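The values are calculated or read from the model by the stated rules, or taken from the named source; none is laboratory data. Please read all numbers here as calculations on a predicted model, not as lab measurements. Positions of Cβ are generated from backbone atoms using ideal geometry, with glycine treated the same way; all protein chains shown enter the neighbour counts.
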Amino acid sequence: MSRNYIKELLKPFRESKLFEGLSKWLAPSSGGSAGVVRGRENEVPAGRAGSAAYSTGVRRVTLIPGHGIGPEITVAVQKIFEAAKVPIEWDEVDVTAVRGPDGKFGIPQKAIDSVNTNKIGLKGPLMTPVGKGYRSLNLALRKEFDLYANVRPCKSLDGIKTLYDDVDVVTIRENTEGEYSGIEHEIVDGVVQSIKLITEEASKRVAEFAFQFATENNRKKVTAVHKANIMRMSDGLFLRCCRDVATKYPDIKFEERYLDTVCLNMVQDPSKFDVLVMPNLYGDIMSDMCSGLVGGLGLTPSGNIGKNGALFESVHGTAPDIAGKDLANPTALLLSAIMMLRHLQLNEHADRVQNACYEVLREGKALTGDLGGTGKCSDYTNAVISKLN
Amino acid sequence: MAVRLFSKLKVLPEFRNVSFASSAAAPATLSDFDLQHKTPVIRKQKLIPKAHYGGRHAVTMLPGGGIGPECMGYVRDIFKYIGAPVDFEVVDIDPTMDNDDDVQYAITTIKRNGVGLKGNIETKSEAAYVTSRNVALRNELDMYAYILNCKSFPGVPTRHKDIDVVIIRQNTEGEYAMLEHESVNGVIESMKVVTASNSERVARFAFEFAKRNGRKKVTTVHKANIMKLSDGLFLETSRRMAKEYPDIEHNDMIIDNCCMQLVAKPHQFDVMLMTNLYGSIVSNVVCGLLGGAGLLSGRNYGDHYAVFEPGTRNTGTAIAGKNIANPVAMINASIDMLEHLGHFFHADLLKRAVYKTINEDRILTPDVGGTATSTEVVNAIIGNIGL
């Protein structure tokens, strides 16, 4: 409700010549058409022109520390960015659920407004309180900001020894519909049905994003993962949308594989895959499996791209048992923040911080407990800062 | 509704002293007449007397497509060599036909024979109203449980060693219900159906299997945090079943966490129980960990019929006819079939020969890191029989 209201308020401004000019100045590379309110046909994901920026070039980013180890790792990332002189200003908000006018608990309005203004967010791990009336906070954020694609690059890290050395896969997962639409009923006593919803619009959107991502990041191949031999109509539609979009990007190789074949091949030879695009459930499972190949959720960055902005997050849990003890591993949040910098096209800063982080992991001296080391979170942070030069 | 109807049947003399946990747990000893008329809530199976003449069994063979026909050829050669008392009744299913006549014929033969050996059947037609032939076969014969016994082969080079996991997967419903429709242009709904009776049957199957085979732990894999009703029902049923088997440890795990654990630490799993789609994913992951699709075999079990097939249901069209397909999966399936039919002598003979070929002689096809052709592997197995 609030988003539409704000959209209505901003419509005259958005359609004015002033905004067009502003957006052209802010992001000359996007062709100047990013600021204009656009129809559905040529939706371009994550208009960077929209992100709030000062005239000095400093970007404002909404920061959601989260619960458990969230605050410590967010502080670690902030310290590292300050030391690296990254032009980011943090706008910290709290998304602890408050009771809304309808009696249900949801995100406070201040947080919603903040992300709508800044358009970019960095989020720590959230915990949804168990109980009636509490909607999943992650789901609420996703719905509110219309985040339709989840990107998870899984790259083998030097210094983290797993059984797989050559993983370099990006999983792009449709985030809004599919098996997770939550539409379930009990038809008769003892028979339950759950509905998987696939729409052409969402499939096209995520396919478009996947190919754009591949182009921008110099990826060679996009693989659509599906199960169209069984779910003929639904996955068939998803596949058709991917095929249609593939024709517009002739430089990028496109292939389609069954989900079981991908699973089979992924655990035998992960180097066969480059970018994977898939509907919600398969994406959830595959992205977690790929992060398992590189060392777990504590080392995997994740970004959610929406029509109106992007939210980067760490996907591990809140780890309440080590919260507050300075034992947390900030690598996942740090890598997500680096992804955010690339999204904002601050590539030099991103490279610097990334190299420092990789150096520390390669050396292996200041690793935290979950990576097999004995260092504290602050030791790790200081090690990364020292490698920043 | 089913429960209310069933309670009214309790007045009948047959049911007075019998209590069933669910309508689906009724004994298979009821006569056809009783089954038809007095127990309307029990799934009706039209039983045909099974074929067993002079100590020899007749088994339906469905070669399917891709590498199926050649592998079936190898199985027939081996069986001829060892003199296994099994006669194969081959039914070819034409993948391009749109009607189901040949599938129906195949189903009738399996009902008559009781046991089948099959490859993966292709369904070339991509039309939405044509059910996948494999799914149709399983549903029609009500083979509700699928077992994949995953044991590491010491002779195959893999990243993980000594894996010993059994995957039990619900085989007929879940995401493979194949009920889809286009409600509005561009919006498609696909239904995932989970029923209490099927969940209970497969959970009971899993726990019985664990008990009879000395397994210690059953893990239910689900996604009940998101699909609260459907996977929630499956999870609840397995938890309830776990209470009836206090010796067997039971825990549950969410599917994404499970996949992550499988690639990092697969040794924590013993028996895994799950719905159809998750079963497909997990069995492919574990087969990948073990060295590929060409080694393991799976068993489809129903109350009356059993069909054996290669574990990951791959057609292998890309390698068909090139003599590099791995015949071990199909041969393992035939060993399972011999054990099911009770021909333990022949099954052991073959098992030892296959074990020796793969683990000691290491004569392997290219997909598991060897250089031999399929025929070389088969000849090696034949050579090792009796040693």
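Would you be able to say whether some residue in the stretch A:310-324 is within 14 Å of another protein chain (Cβ to nearest Cβ), among the aliphatic types (A, V, I, L, M), assigned to a loop (DSSP other than H, G, I, E, B) and closer than 22 Å to A:Ile160 by Cα?
Scanning the stretch A:310-324, I find at least one residue that is within 14 Å of another protein chain (Cβ to nearest Cβ), among the aliphatic types (A, V, I, L, M), assigned to a loop (DSSP other than H, G, I, E, B) and closer than 22 Å to A:Ile160 by Cα, so the answer is yes.
Scanning the stretch A:278-303 for residues that are outside any helix (DSSP H, G or I) and either under 13 Å from A:Val167 (Cα atoms) or touching an Asp or Glu at 6+ places or on another chain (Cβ under 8 Å) (or both) turns up A:Met278, A:Pro279, A:Gly295, A:Gly296, A:Thr300, A:Ser302, A:Gly303. The single residue among A:Gly236, A:Gly296 that is within 14 Å of chain B (Cβ to nearest Cβ) and free of Cβ contacts under 8 Å to residues at least 24 places away in the same chain turns out to be A:Gly236. Of the residues making up the stretch B:169-199, those that are charged (D, E, K, R) and within 9 Å of chain A (Cβ to nearest Cβ) are B:Glu175, B:Glu180, B:Glu182, B:Glu189, B:Lys192.
Given the options B:Thr123, B:Thr96, name the one that is modelled with pLDDT under 90 and either within 25 Å of B:Ala329 (Cβ to Cβ) or surrounded by 15 or more Cβ atoms within 10 Å (Cβ to Cβ) (or both).
Just one listed residue meets the conditions, B:Thr123.
Candidates B:Gly292, B:Gly298: the one that is touching a Phe, Trp or Tyr at 6+ places or on another chain (Cβ under 7 Å) and touching a residue at least 24 places away in the same chain (Cβ under 8 Å) is B:Gly298. With the structure loaded, tell me whether B:Lys161 is touching a residue at least 12 places away in the same chain (Cβ under 8 Å) and more than 26 Å from B:Ser238 (Cβ to Cβ) or whether it fails that test. Spelling it out, it is not the case that B:Lys161 is touching a residue at least 12 places away in the same chain (Cβ under 8 Å) and more than 26 Å from B:Ser238 (Cβ to Cβ). Scan the stretch A:350-373 for residues that are touching an Asp or Glu at 6+ places or on another chain (Cβ under 8 Å) and aliphatic (A, V, I, L, M) and the total you get is 2. Every condition in (1) within 12 Å of another protein chain (Cβ to nearest Cβ); (2) in a strand (DSSP E or B); (3) among the hydrophobic types (A, V, I, L, M, F, W, C) holds for B:Cys150 except the one numbered (1). Filtered by the rule that a residue be part of a helix (DSSP H, G or I) and touching a strand residue (DSSP E or B) at 6+ places or on another chain (Cβ under 9 Å), the stretch B:338-363 gives B:Leu338, B:His340, B:Leu341, B:His346. Of the residues A:Asp288, A:Asp269, A:Asp260, which single one is within 14 Å of another protein chain (Cβ to nearest Cβ), modelled with pLDDT under 95 and in contact with a Ser or Thr (Cβ under 8 Å, 6 or more places away or on another chain)? Only one candidate qualifies: A:Asp260. Within the stretch B:165-181, restricting attention to residues that are in contact with a strand residue (DSSP E or B) (Cβ under 8 Å, 6 or more places away or on another chain) and either at positive phi or free of Cβ contacts under 8 Å to residues at least 40 places away in the same chain (or both), the residue that is surrounded by the most Cβ atoms within 10 Å (Cβ to Cβ) is B:Gly174.
Would you say B:Lys111 is surrounded by fewer than 17 Cβ atoms within 10 Å (Cβ to Cβ) and either more than 10 Å from every other protein chain (Cβ to nearest Cβ) or touching a helix residue (DSSP H, G or I) at 6+ places or on another chain (Cβ under 7 Å) (or both)?
So B:Lys111 fails the test.
Only residues that are surrounded by fewer than 23 Cβ atoms within 10 Å (Cβ to Cβ), facing chain B (nearest Cβ under 10 Å) and polar (S, T, N, Q) were counted in the stretch A:165-198, giving 2.
Scanning the stretch B:255-269 for residues that are within 12 Å of chain A (Cβ to nearest Cβ) and either in a loop (DSSP other than H, G, I, E, B) or in contact with a His (Cβ under 8 Å, 6 or more places away or on another chain) (or both) yields B:Ile255, B:Lys265, B:Pro266.
The condition (being touching a Gly at 6+ places or on another chain (Cβ under 6 Å) and under 28 Å from A:Val267 (Cβ atoms)) is satisfied by just one residue among B:Ile147, B:Ile121: B:Ile121.
Number of residues in the stretch B:213-254 that are touching a strand residue (DSSP E or B) at 6+ places or on another chain (Cβ under 8 Å), within 10 Å of chain A (Cβ to nearest Cβ), among the β-branched types (Val, Ile, Thr) and crowded, with 24+ Cβ neighbours inside 10 Å: the value is 0.
Can we say A:Ala228 is outside any strand (DSSP E or B) and either charged (D, E, K, R) or crowded, with 24+ Cβ neighbours inside 10 Å (or both)? Answer is no for this residue.
Among the residues of the stretch B:290-337, those identified as part of a helix (DSSP H, G or I) and not hydroxyl-bearing (Ser, Thr, Tyr) are B:Leu290, B:Ala318, B:Ile319, B:Val328, B:Ala329, B:Met330, B:Ile331, B:Asn332, B:Ala333, B:Ile335, B:Asp336, B:Met337. Listed by first and then second residue, the pairs with beta-carbon distance under 7 Å, at least 6 apart or on different chains, first residue in the stretch B:105-116 and assigned by the TED database to the domain that holds B:Tyr301 and on the phi < 0 side of the Ramachandran plot, second small (Gly, Ala, Ser) and assigned to a strand (DSSP E or B), are B:Ile110/B:Gly116; B:Asn113/B:Ala58; B:Val115/B:Ala306. Taking the condition of being surrounded by 24 or more Cβ atoms within 10 Å (Cβ to Cβ) and more than 10 Å from every other protein chain (Cβ to nearest Cβ), how many residues in the stretch B:280-299 meet it? Of the residues in that region, 4 qualify. Among the listed residues A:Tyr249, A:Tyr282, which satisfies the condition of being under 28 Å from A:Leu197 (Cβ atoms), within 13 Å of another protein chain (Cβ to nearest Cβ) and of a type in the set (Phe, Trp, Tyr)? Selected residue: A:Tyr282, the only one of A:Tyr249, A:Tyr282 that is under 28 Å from A:Leu197 (Cβ atoms), within 13 Å of another protein chain (Cβ to nearest Cβ) and of a type in the set (Phe, Trp, Tyr).
Rundown of residues vs (1) among the acidic types (Asp, Glu); (2) surrounded by 22 or more Cβ atoms within 10 Å (Cβ to Cβ); (3) assigned by the TED database to the domain that holds A:Thr331, yes/no style:
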position: A:Val77; (1), (2), (3): no, yes, yes
position: A:Lys85; (1), (2), (3): no, no, yes
position: A:Glu92; (1), (2), (3): yes, no, yes
position: A:Pro101; (1), (2), (3): no, no, yes
position: A:Cys154; (1), (2), (3): no, yes, no
position: A:Asp158; (1), (2), (3): yes, no, no
